[in-house]
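Nothing in this text is a laboratory measurement; each read-out follows from the coordinates by a stated rule. No experiment lies behind these values; they were computed from the predicted model shown. Quick reminder, even Gly has a Cβ in these numbers, built from the backbone with ideal geometry, and neighbours come from all protein chains shown.
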C-alpha cells in the first residue's frame, strides 16, 4: 500500500514535470542552465551592486537570482512560464533563505512589463528565436541606465559588448533612451 502511494506520487511529479517541459517548449524557451562561474562573470561585468534589482526572464530554478543576491547583495525578480520550474524556483529561493530578496512570478514575461520596468539589470538565457522575437519589446521596456545581459545569443539590431565565455555573454547598456556599447570593467 505504501509502495503504491509512493509510486503514484513519483508518477505525478514526473507527469507534472513533463507537461511543464511541453509548456516551456511551446512557449519557445525550454529550461537551459549556465555554469555558476559564467553567471558570476556576467554580473561582475555589469558591475552589479548591493541593492540593485535583477530581473531574470525565464528564471528556471532561480539559481542566477540566488547568486545575484548572495554574492552581490542584489534584489531579484524571476519570471517563469513553466509550472514545474516556477515551483522549483520558489522552493530554491525558500531553501536558500532568500525570500526577502527574491520574488518569483508565474507567467509569460512579455505580459509582465510592470515587473521588469524598474530593473537595473535584465538577465536572460533564451534561444535565438525568442531573443529575436522579444528584442523590440525588451529594449523599449528597459528603463534608462539599465543593462541587459543575454547569455548565448545576441540581439541582432543592437551593438553588444561580448565576453568570450561558454556560452558567450552579450551586454547591452541603455543611456537615456538609446543603447550604447557597455565599457567593460578591468578585472
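Determine the percent antiparallel among the DSSP beta bridges restricted to the chain, to the nearest 5.
Working: 12 of 30 bridges.
About 40 percent, rounded to the nearest 5.
Roughly how far apart, in whole Å, are the Cα centres of the range 54-71 and the range 98-123?
The range 54-71 and the range 98-123 have Cα centres separated by 10 Å.
How do 120, 47, 56 rank when sorted from fewest to most other Cβ atoms within 10 Å of their own Cβ?
Values: 120 19, 47 13, 56 28.
Neighbour counts put them in this order, fewest first: 47, 120, 56.
For the chain, what does the helix formula give at 222 nm: sum of -39500 (n - 2.57) over DSSP H segments with n ≥ 4, over the residue count, nearest 500 deg cm²/dmol? If you can, show how the numbers build up before the last one.
Values: 6 runs with 76 residues, N = 187.
It lands at -13000 deg cm²/dmol.
Kindly identify the chain as rounded, prolate or oblate by the Cα gyration tensor criterion: order the square roots of the eigenvalues as a ≥ b ≥ c, call it rounded if a/c is under 1.5, otherwise compare a/b with b/c, prolate if a/b is larger, else oblate. Walk me through the numbers before you get to the answer.
Numbers: a/c = 2.07, a/b = 1.71, b/c = 1.21.
Prolate, since a/c reaches 1.5 and a/b exceeds b/c.
For a quick check: sort 17, 63 by the number of other beta carbons within 10 angstrom, fewest at the front. Provide the component values of the computation, followed by the final result.
Details: 17 15, 63 19.
Taking fewest neighbouring Cβ atoms as first place, the list is 17, 63.
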